[in-house]
Amino acid sequence: MEDVINRRASFPLRNRVLRFLWGAVRIVLFAPSPRPFHAWRAFLLRCFGASLGRDCRIYPKAQVWAPWNLKCDDFVGVADGAIIYNPAPISLATYAIVSQEAYLCGATHDYMKPHFPLVSSQITIGRYAWICARATVQPGVRVGDGAVLGLGAVATKDLDPWKVYAGIPARFVKDRTPIPQMQETGATAP
């Protein structure tokens, strides 16, 4: 006897409608906006439920899948080409940077089940952490304060604070010297 495959939608209708509306806004108003119009793009993201702190710089070619699942503290940077796939919440702490074409992947599929159900997990990027160009953070990973995920690296597990990681899967390379003002709560930009 054959297994019956569940073909039910992964997301409720409300979620799918919101993503459709957000997709239209992103194409018409977000992506074509001039690079310096960070406040405009922050406004659009907030209209769709994003929680953004002061002076977040999310560039026009960045892709945010579900703004309502995005939380950025103050002074966060998300570069052109970065992809934030967030069926589950993704949090970026103060001064976190997500570089060009980096990928924060908040979901995968359970390949052990015949209908490959979606499995999503929260991603947290710590204060002063840097996700370098073309690096990938997998679902459920916590990137510690001040951690660096190097060019093209893939974080498959949590990254410790003030360490530099590289490779696939990401491995510890060296320590990053913490800057004293970065370790204090309420630090200001260097």
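The values are calculated or read from the model by the stated rules, or taken from the named source; none is laboratory data. Everything numeric here is computed off the predicted structure, so don't read it as measured data. Quick reminder, even Gly has a Cβ in these numbers, built from the backbone with ideal geometry, and neighbours come from all protein chains shown.
For the range 116-129, the criterion of a residue being among the β-branched types (Val, Ile, Thr), part of a loop (DSSP other than H, G, I, E, B) and surrounded by fewer than 18 Cβ atoms within 10 Å (Cβ to Cβ) is satisfied by no position.
Just one residue in the set 50, 62, 93 is of a type outside the set (Phe, Trp, Tyr), touching a Lys or Arg at 6+ places or on another chain (Cβ under 8 Å), at pLDDT 95 or above and within 23 Å of residue 17 (Cα to Cα); that residue is 50. So, in the range 138-154, how many residues would count as being among the hydrophobic types (A, V, I, L, M, F, W, C), buried (at least 18 other Cβ atoms within 10 Å of the Cβ) and part of a loop (DSSP other than H, G, I, E, B)? The qualifying residues number 3. Conditions first: (1) within 25 Å of residue 144 (Cβ to Cβ); (2) more than 12 Å from the chain's Cα centre (by Cα); (3) acidic (Asp, Glu). Residue 110 passes all but one, so which condition is the exception? For residue 110, the exception is condition (1). So, residue 44, is that one of a type in the set (A, V, I, L, M, F, W, C), within 18 Å of residue 141 (Cα to Cα) and not in a loop (DSSP other than H, G, I, E, B) or not? Criteria not met by residue 44. Residue count for the range 154-190 under the criterion of being β-branched (Val, Ile, Thr), farther than 20 Å from residue 102 by Cβ and modelled with pLDDT of 95 or more: the result is 0.
Select from the range 84-115 the residues that are touching a Pro at 6+ places or on another chain (Cβ under 7 Å) and either surrounded by fewer than 17 Cβ atoms within 10 Å (Cβ to Cβ) or among the small types (Gly, Ala, Ser) (or both) and write down the one among them that is nearest to residue 162 (Cα to Cα). Checked the range 84-115; the qualifying residue nearest to residue 162 (Cα to Cα) is 106.
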